[in-house]
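Engineer: Here it is, the structure, as structure tokens.
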Amino acid sequence: MLSTFSSNAILSKARAMYGRRLTKQNYKELLACQSVGEVANYLKTRTVYSKALAGIDQNSVHRGQLEAKLKQKLFEDYASLCRYEISVGDHFAQYPIMRSEIEQILHSILLLEAGTPEDYLFSLPMYLTRHTHINLTSLSQIKSYDDLLSALSHTPYQKLLEGFKPIKGIPINYTGIENTLYTYLYNSVFEVIDRYTHGETARQLRDIFNSYIDLINYARMIRLKTSYNAGPDFIRSSLLPFGNINKRILNEMIEAENADAVTKLMEQTTVGKHFLKIEHSYAGEISSRVKYMTCRHDIHFSTHPSVVMISYTFIMETEVRDIITIVEGIRYKLPPEEIVKLLVVYHFNERSD
């Protein structure tokens with residue numbers, strides 16, 4: 001009885017929250033805004049983000065502050081759903097925390113490489129400090145890679161990054177660090193799926209993550225071959241070790257002469273046959289669009305609480321990313337028709353009310 005009640009509760013709650021997402025008309029009105037302040041004011045007065053942005057001053061708000069508030073709402077929504085999901089909620093609750101921690105580490109590394117690590121303080125997400133074991137304030141005080149490792153003491157990230165200590169005169173291996181951190185994240189996700197779910201629930205969860213990772217790896221291969229003329233060994237080390245692509249075809253893609261040859265091989269795979277036909281300007285767009293489409297389908301039709309919970313989270317992550325894209329486009333004075341091309345939800349949003 002408790003299991004059935006819990007299942008019905010989270011399905012109802014997640015779908016009700018999903019029903020309050022931005023409409024296509026909301027997107028059009030956001031695209032008509034002329035400044036970050038106008039975007040913030042619109043979201044605060046006309047959308048479900050009103051409570052999260054209650055303390056925002058539209059006359060002084062900056063892009064980083066707005067993004068932090070939007071992500072905080074997303075984080076809190078996910079946490080509330082996890083409390084309803086009694087079977088794996090506690091375990092999946094760690095996913096957004098880990099992902100956020102990795103984002104913060106990578107951001108601090110980029111600032112360290114740029115010689116401005118102290119700038120991290122201006123984008124420090126205060127809401128995350130209550131949930132993470134990382135001393136985020138210390139990330140704004142680092143002056144070297146050793147300082148970074150010290151700031152990550154008592155966390156699993158310190159050991160993961162020890163092998164990437166840079167040699168003087170050689171840039172930090174950012175790609176290797178990024179791949180190692182996200183490999184750790186997805187290892188944890190698949191461990192939860194394998195240990196705490198089974199049957200159709202496990203299959204649907206694996207499909208969400210594996211399809212996404214297959215397309216991320218495809219985009220990485222295209223980018224590394226096109227922009228960096230990278231060799232097979234470097235490409236292989238830059239891929240996430242997950243996904244459903246047949247190992248033989250994956251190796252052929254890695255060894256392929258150019259990006260066109262990679263795409264022809266990808267078209268032979270199940271994920272390629274299903275998703276490469278999606279309209280896109282470049283390969284990197286496909287993974288986020290496919291994840292959104294898959295999760296939109298699952299939130300409507302899946303009967304499994306953990307699948308609906310994850311689907312809601314990914315859908316709203318995409319919405320928040322679209323909002324930030326609109327803000328960035330406005331900051332750089334891009335015309336609305338150009339910003340639209342960069343959005344995900346707008347092109348699939350059936351709600352015009």
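The values are calculated or read from the model by the stated rules, or taken from the named source; none is laboratory data. Bear in mind that the values here come from a model prediction, so they are computed numbers and not experimental data. Backbone-built Cβ (ideal geometry, glycine too); neighbour counts: all protein chains shown.
Engineer: Can you list residue pairs whose Cβ atoms sit under 7 Å apart, with the first residue in segment 299-318 being under 17 Å from LYS71 (Cβ atoms) and touching a residue at least 12 places away in the same chain (Cβ under 8 Å) and the second being in a helix (DSSP H, G or I) and charged (D, E, K, R)? Count only pairs 6 or more apart in sequence or on different chains.
Structural biologist: Taking only residues 6 or more apart or on different chains, the pairs are PHE314/LYS291; ILE315/ARG296; MET316/ASP77.
Engineer: Among (1) within 17 Å of GLU319 (Cβ to Cβ); (2) in a helix (DSSP H, G or I), where does GLU101 come up short?
Structural biologist: (1)
Engineer: Would you pick out the residues in segment 119-170 that are aliphatic (A, V, I, L, M) and out of contact with any helix residue (DSSP H, G or I) (no Cβ under 7 Å at 6 or more places or on another chain)? I'd like the intermediate steps shown before the answer.
Structural biologist: Keep residues of segment 119-170 that are aliphatic (A, V, I, L, M), which gives 121, 124, 126, 128, 134, 136, 139, 142, 148-149, 151-152, 160-161, 167, 170.
Across segment 119-170, the qualifying residues are LEU121, MET126, ILE167, ILE170.
Engineer: Looking at this structure, is TYR27 closer than 21 Å to VAL345 by Cβ and in contact (Cβ under 8 Å) with a residue 24 or more places away in the chain? If you could, list the steps in order and put the result at the bottom.
Structural biologist: Details: closer than 21 Å to VAL345 by Cβ: yes; in contact (Cβ under 8 Å) with a residue 24 or more places away in the chain: yes.
In short, yes.
Engineer: Tally time: how many residues in segment 162-189 are over 19 Å from TYR95 (Cα atoms), in a helix (DSSP H, G or I) and without any contact (Cβ under 8 Å) to a residue 40 or more places away in the chain?
Structural biologist: Applying the first criterion (over 19 Å from TYR95 (Cα atoms)) to segment 162-189 yields 162-176.
Checking the rest, the ones that are also in a helix (DSSP H, G or I) come to 162, 174-176.
If we keep only those that are without any contact (Cβ under 8 Å) to a residue 40 or more places away in the chain as well, we get 162.
Residues flagged as over 19 Å from TYR95 (Cα atoms), in a helix (DSSP H, G or I) and without any contact (Cβ under 8 Å) to a residue 40 or more places away in the chain within segment 162-189 amount to 1.
Engineer: Restricting the search to segment 42-52, which residues are among the aliphatic types (A, V, I, L, M) and either under 13 Å from GLU76 (Cβ atoms) or over 22 Å from the mean Cα position of the chain (by Cα) (or both)?
Structural biologist: Passing the criteria: VAL48, ALA52.
Engineer: Looking at GLU267, GLU255, can you tell me which residue is farther than 15 Å from HIS347 by Cβ, modelled with pLDDT of 95 or more and in contact with a Pro (Cβ under 8 Å, 6 or more places away or on another chain)?
Structural biologist: When all the criteria are applied, what remains is GLU255.
Engineer: If you go through segment 61-79 one residue at a time, do you hit one that is more than 20 Å from ILE323 (Cβ to Cβ) and either under 22 Å from the mean Cα position of the chain (by Cα) or not polar (S, T, N, Q) (or both)?
Structural biologist: Step one: of segment 61-79, the residues more than 20 Å from ILE323 (Cβ to Cβ) are 79.
Then keep just the ones that are either under 22 Å from the mean Cα position of the chain (by Cα) or not polar (S, T, N, Q) (or both); that gives 79.
For segment 61-79, residues more than 20 Å from ILE323 (Cβ to Cβ) and either under 22 Å from the mean Cα position of the chain (by Cα) or not polar (S, T, N, Q) (or both): present.
Engineer: Further question on the same structure: Among ILE86, ILE177, which is the only one that is among the β-branched types (Val, Ile, Thr), modelled with pLDDT under 90 and surrounded by 13 or more Cβ atoms within 10 Å (Cβ to Cβ)? Step through it out loud before you land on a result.
Structural biologist: On the way: ILE177 fails: modelled with pLDDT under 90.
That would be ILE86, the only listed residue that is among the β-branched types (Val, Ile, Thr), modelled with pLDDT under 90 and surrounded by 13 or more Cβ atoms within 10 Å (Cβ to Cβ).
Engineer: Hey, LYS273 hits all of (1) in contact (Cβ under 8 Å) with a residue 60 or more places away in the chain; (2) within 30 Å of THR197 (Cβ to Cβ); (3) surrounded by fewer than 19 Cβ atoms within 10 Å (Cβ to Cβ) but one; which does it fall short on?
Structural biologist: (1)
Engineer: While we're here: Can you give me the number of residues within segment 299-318 that are within 16 Å of ALA16 (Cβ to Cβ) and outside any loop (DSSP other than H, G, I, E, B)?
Structural biologist: Qualifying residue count, segment 299-318: 10.
Engineer: List the pairs whose first member sits in segment 117-134 and is touching a residue at least 24 places away in the same chain (Cβ under 8 Å) and in a helix (DSSP H, G or I), whose second member is basic (Lys, Arg) and crowded, with 17+ Cβ neighbours inside 10 Å, and whose Cβ atoms are under 9 Å apart, counting only residues at least 6 apart or on separate chains?
Structural biologist: Between residues of segment 117-134 that are touching a residue at least 24 places away in the same chain (Cβ under 8 Å) and in a helix (DSSP H, G or I) and residues that are basic (Lys, Arg) and crowded, with 17+ Cβ neighbours inside 10 Å, the close pairs are TYR127/LYS69; TYR127/LYS71; LEU128/LYS71.
Engineer: Got a sec? Which of ILE249, ILE222, ILE245, ILE254 is in contact (Cβ under 8 Å) with a residue 60 or more places away in the chain, β-branched (Val, Ile, Thr) and surrounded by 14 or more Cβ atoms within 10 Å (Cβ to Cβ)?
Structural biologist: Working: ILE249 fails: in contact (Cβ under 8 Å) with a residue 60 or more places away in the chain; ILE245 fails: in contact (Cβ under 8 Å) with a residue 60 or more places away in the chain; ILE254 fails: in contact (Cβ under 8 Å) with a residue 60 or more places away in the chain.
When all the criteria are applied, what remains is ILE222.
Engineer: A follow-up question, please. Among the residues of segment 38-78, which ones are small (Gly, Ala, Ser) and either in contact with a Leu (Cβ under 9 Å, 6 or more places away or on another chain) or assigned to a loop (DSSP other than H, G, I, E, B) (or both)?
Structural biologist: Scanning segment 38-78 gives ALA40, SER50, ALA52, ALA54, GLY55, SER60, ALA68.
Engineer: Of the residues ARG203, ARG195, only one is surrounded by 13 or more Cβ atoms within 10 Å (Cβ to Cβ) and either more than 30 Å from ILE245 (Cα to Cα) or among the basic types (Lys, Arg) (or both); which?
Structural biologist: So the residue among ARG203, ARG195 that is surrounded by 13 or more Cβ atoms within 10 Å (Cβ to Cβ) and either more than 30 Å from ILE245 (Cα to Cα) or among the basic types (Lys, Arg) (or both) is ARG203.
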